[in-house]
Amino acid sequence: MTEMPEDRLETGFSWDKGLLRELNEDSILCTSFALSTYLGVTTAGLFVVADGMGGHNAGEIASDLATRTIHIECIANLFSQRQTPPLSILANAFHKANSSVFESSTDSELKGMGTTLTAALIIGDDLYLAHIGDSRCYIINTRETIQVTKDHSVVQQLVDAGVITPEQARSHPRRNEITRVLGYSRDVVPDLLHLKLYAGDNILLCSDGLHSVLPVNEIAETVLNSPNPNQACTDLNAQANLAGGPDNISVIIAKPTNLPSWQAMITAHTNVRRT
């Protein structure tokens, strides 16, 4: 029997169609498990937000298919004996998910379907991310709020070019135009990131149904003032609907426990440099 690790993942999620959409074309995955590593048994989690697009119910099918593929591929590789690096596991899973959606879109009723896809794999104090589209991942703590992912969108390109501000991007007429989508072509290149986590970090994944209607400071305030991740997700969903709920709303929060403190890491790094 595998001994349960001392570290834990507090998690919460909310999944809502909003007030104006007939269907919920978002798909989410929120799961945690014990994983054996070379350092021993640790708590791990796999979290996914996918925002589907396409005619009829095609967006719903695309996001569901992508999310299920990520789940199957990641879990199979994490528990295999090959010890594949986590970012390689995510990259391979994105490739399989893209192929599944692209090949399914040859059906005339599903033609042109695609999805955003943001997946976070947490193993101990390591966060591994793969990302395509304009769903987002944030790290929120009492020190700062970091948008870890970068939108693949027309308005983000305009922001990068200095044409508009991030505030103007939220209401820009081209804000829904995405430049990189899973399932639209045979090849896909996700952004891949690896970050270290520290005590107090909340990892938040969401679709644009949340971040396009709520300013990031309001999102962070709700997360930090809520008693637990699940309540924070419920409150954020309600706030997005109060702001009009124009789109499907998906939000996941994971908060690892027993992480190294930020202050301790600064001290350790300083001592190493002095030595």
Original post:
Per residue, what volume in Å³ does the convex hull of the Cα atoms of region 19-158 enclose?
Top reply: 139 Å³
Subject >> Options Leu87, Gly45, Asn230, ranked by Cα towards positive dipole end of the chain, top entry (Cβ charges) >> reply: Leu87
Original post:
Once the convex hull of the C-alpha atoms of region 86-138 is built, how many Å³ does it hold per residue, rounded to a whole number?
Top reply: 68 Å³
Original post:
With all pairs of different alpha carbon atoms counted, what Kirkwood hydrodynamic radius in Å does the chain show?
Top reply: 19.2 Å
Subject >> Simple label model, 7 Å out from Cα along Cβ direction - Arg143 to Ala91, nm >> reply: 2.9 nm
Original post:
Which loop chymotrypsin sites (Phe, Trp or Tyr not before Pro) in region 14-98, with loop taken from DSSP, have no more than 11 other Cβ atoms within 10 angstrom of their Cβ?
Top reply: Tyr38, Phe79
Original post:
Taking θ as phi - 60°, what are the ³J(HN,Hα) couplings along region 39-53 by the Karplus curve (6.51, -1.76, 1.60), each to the nearest whole Hz, with x for Gly and Pro?
Top reply: 9, x, 8, 9, 7, 10, x, 10, 9, 9, 10, 10, 10, x, 8
Original post:
For Leu236, Leu195, Leu110, what's the fewest-to-most ordering of other Cβ within 10 Å of each Cβ?
Top reply: Leu195, Leu110, Leu236
Subject >> Potential extension, Val189-Leu19 segment - 0.36 nm per residue separation minus Cα distance >> reply: 57.9 nm
Original post:
How large is the helix-only mean residue ellipticity at 222 nm for the chain, computed as the sum of -39500 (n - 2.57) over DSSP H runs with n ≥ 4, divided by its residue count, in deg cm²/dmol to the nearest 500?
Top reply: -10500 deg cm²/dmol
Original post:
Amide H of Leu192: which non-local residues (sequence gap of 5 or more, or other chain) have their own amide H closer than 5 Å, using H built in the peptide plane?
Top reply: none
**OP:** Could you work out the Kirkwood radius for region 106-172, taking every pair of different alpha carbons, averaging 1/r and inverting it, reported in Å?
**Re:** 14.4 Å
Original post:
Hey, could you pull the Cα Rg and Dmax for region 211-255, both in Å?
Top reply: 9.8, 28
**OP:** Might you report the magnitude of the Cβ-based charge dipole of region 9-274 about its Cα centre, with Lys and Arg at +1 and Asp and Glu at -1, to the nearest 20 debye?
**Re:** 800 debye
**OP:** Specify the angular offset, from 0 to 90 degrees and rounded to the nearest 10, of the alpha carbon long axis of helix 229-242 from the longest principal axis of the alpha carbons in the chain.
**Re:** 30 degrees
Original post:
With springs only between Cα atoms under 10 Å, which of Leu39, Leu19, Leu242 fluctuates most in a Gaussian network model of the chain?
Top reply: Leu39
Subject >> region 25-95, Rg to Rh (Cα coordinates; Rh as Kirkwood inverse mean 1/r) >> reply: 1.06
Subject >> Vicinal HN-Hα couplings computed from phi for region 108-119 (Karplus, 6.51 cos²θ - 1.76 cosθ + 1.60; Hz; Gly/Pro x) >> reply: 4, 6, 10, 4, x, 7, x, 7, 6, 7, 10, 10
**OP:** Starting at the first residue of region 79-88, write each ³J(HN,Hα) from the Karplus equation 6.51 cos²θ - 1.76 cosθ + 1.60 with θ = phi - 60°, in whole Hz, x for Gly and Pro.
**Re:** 9, 7, 8, 7, 6, 6, x, x, 5, 5
Subject >> Solvent-free Debye scattering, log10 I(q)/I(0), computed from the Cα coordinates of region 164-268 at q = 0.12 Å⁻¹ >> reply: -0.57
Subject >> For Lys150, distant residues with modelled amide H under 5 Å away >> reply: none
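Every number in this text was worked out from the coordinates using simple rules, so none of it is lab data. Just so it is clear, the model here is predicted, and its values are computed rather than measured. Cβ coordinates were reconstructed from backbone atoms using ideal geometry, including for glycine residues, and neighbour counts include every protein chain displayed.
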